[in-house]
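Reviewing the structure listed below.
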Amino acid sequence: MEEKKVQRVWITGGSSGIGRALALHYAREGAYVLVSGRNVERLDEVARATGGAAYPLDVTDAEAVKRTVAAVWEDAGPLDLAVLNAGAAFKREGRDDTARNLKRHLEVNLLGVAHALDALRPRMREAGGGTIALMGSLAGYVGLPRTSGYGTSKAALGYYAEALWAELRREKIDLKLVSPGFVRTPIVAANEFPMPFILEPAEAARIIARGLERPGFEVAFPRRLAWPLRLLRALPAGWRVQLLARGAGQR
Ligand SMILES: NC(=O)c1ccc[n+]([C@@H]2O[C@H](COP(=O)([O-])OP(=O)(O)OC[C@H]3O[C@@H](n4cnc5c(N)ncnc54)[C@H](OP(=O)(O)O)[C@@H]3O)[C@@H](O)[C@H]2O)c1
């Protein structure tokens, strides 16, 4: 697909962190930026800063997502890019809380994205194509200890993107997976483990925007974290779990 400047972009989770930084980046590049999220005050602040528009939304509500995509399309015209970035991380209530914790993560990080993709797809198809970027994570590459809910939702999102890539390409929709390492945002603020090679949101936004301009399915960064995790992923699972347990001091 040919490279061209982004003109109209919708960003979910645009009220904070990476989404906010992406909104500011694209606005500086001259795009019209539409942002969604639940926090109206923060969304309005971003809309003011970008000269764009705010569409309050909880992505777990499929009907609300449909209505919002319809409004965005009607107000702004066909989008050339949608960044389905809204995501959350929830602490487990205790060691026996994997199911409820997983459900909360899947509702936002996987189904929230799927609701938006389903709402965007027919419109983009009819408009002749566009790009949809899904915000995954390097945490989805391997089964990291301490992140069973969040990591599972991001691993599933990667699978979902891979599984849909070919059929969307036939509709001229370029589906991309963004897999960041650590970025200094509220989502990681409470992490009590080391976060190697952590980036500032503005730097992450620049890398993502540059990556989305290029052909290719995935934008994974920083490379010095992505490559070791790729190698770890290529190992037999039995070795991998031993190595990861050792790394986390859980032998
Ligand atoms: N920071 C990292 O190290 C890192 C690494 C890899 C991937 N990621 C991914 O990057 C994305 C952005 O996260 P961030 O780091 O920028 O964290 P953040 O600052 O906490 O931003 C999360 C965004 O998602 C929105 N959101 C959460 N739940 C939502 C819901 N139910 N409906 C609509 N919007 C919702 C939040 O807005 P409201 O609260 O206003 O709803 C906020 O704008 C997430 O998908 C995250 O998993 C982050």
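The values are calculated or read from the model by the stated rules, or taken from the named source; none is laboratory data. All values derive from a computational prediction rather than experimental measurement. When we count neighbours, we look across all protein chains shown, and the Cβ atoms used for this are built from the backbone with ideal geometry, even at glycine. The protein model used for the area step is the full one, side chains on, heavy atoms only, and it has no ligands, DNA or RNA in it. Shrake-Rupley method; radii C 1.70, N 1.55, O 1.52, S 1.80 Å.
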For this session: State to the nearest 20 debye the size of the charge dipole of the chain about its Cα centre, where the only charges are +1 on K and R beta carbons and -1 on D and E beta carbons.
Result: 900 debye
Exercise. For the charge dipole of the range 8-247, defined by +1 on Lys and Arg C-beta atoms and -1 on Asp and Glu C-beta atoms about the Cα centroid, which residue among N85, P194, V40 has the Cα displaced farthest towards the positive pole?
Worked result: P194
Problem set entry | Mean Cβ count within 10 Å, highest first, over the residues of peptides 55-64, 6-15 | 6-15, 55-64
Exercise. Per the 1.4 Å probe, what fraction of the accessible area of the range 8-247, in percent, lies on carbon and sulfur atoms?
Worked result: 53 percent
For this session: Describe numerically, in nm with one decimal, the distance between label points set 7 Å from Cα along Cα→Cβ at N39 and at R240.
Result: 3.4 nm
Seminar exercise, completed: Among A21, A189, A133, the residue with the largest mean-square fluctuation in a Gaussian network model of the chain built from Cα contacts under 10 Å is A189
Exercise. What translational D, rounded to a whole number of µm²/s, comes out for the range 8-247 from Stokes-Einstein when the hydrodynamic radius is the Kirkwood one over Cα pairs, at 25 °C and 0.890 mPa s?
Worked result: 135 µm²/s
Exercise. Could you give the accessible area per residue of the chain, probe 1.4 Å, as a whole number in Å²?
Worked result: 52 Å²
For this session: For the range 204-210, just list the computed ³J(HN,Hα) in residue order, Karplus coefficients 6.51, -1.76 and 1.60, θ = phi - 60°, integers in Hz, with x standing in for Gly and Pro.
Result: 4, 4, 4, 5, 5, 4, 5
Exercise. If you find the alpha carbon centre of the range 116-162 and of the range 1-61, how far apart are they in angstrom?
Worked result: 18 Å
Problem set entry | Computed over the range 8-247: relative contact order in percent, which uses C-alpha pairs under 8 Å that are six or more apart | 18 percent
Exercise. Fully extended, how many nm does the chain gain between S148 and A70 (0.36 nm per residue separation, minus their Cα-Cα distance)?
Worked result: 24.6 nm
Seminar exercise, completed: With the charge dipole of the chain built from beta-carbon charges (+1 for Lys and Arg, -1 for Asp and Glu) about the Cα centre, the Cα from S148, I173, L244 projecting farthest to the positive end belongs to L244
Problem set entry | Candidate aspartates and glutamates for bridging to K4, where Cα separation is under 19 Å - those fewer than 8 sequence places away on the same chain excluded | E29, D80, E171, D174, E213, E218
Problem set entry | Backbone HN-Hα couplings from phi across the range 70-84 [Karplus 6.51/-1.76/1.60, Hz, Gly and Pro as x] | 4, 5, 4, 5, 5, 6, 9, x, x, 7, 9, 9, 10, 10, 8
For this session: Step through the residues of the range 218-225 one at a time and calculate ³J(HN,Hα) from phi using the Karplus curve (6.51 cos²θ - 1.76 cosθ + 1.60, θ = phi - 60°), rounding each to whole Hz and writing x for Gly and Pro.
Result: 10, 10, 10, 7, x, 4, 5, 9
Problem set entry | Of K91/K176; K66/K91; K5/K172; K5/K176, pairs whose Cα-Cα distance is over 24 Å | K91/K176; K66/K91
Seminar exercise, completed: With -39,500 (n - 2.57) per DSSP H segment of 4 or more residues and division by the full residue count of the chain, the 222 nm estimate, nearest 500 deg cm²/dmol, is -15000 deg cm²/dmol
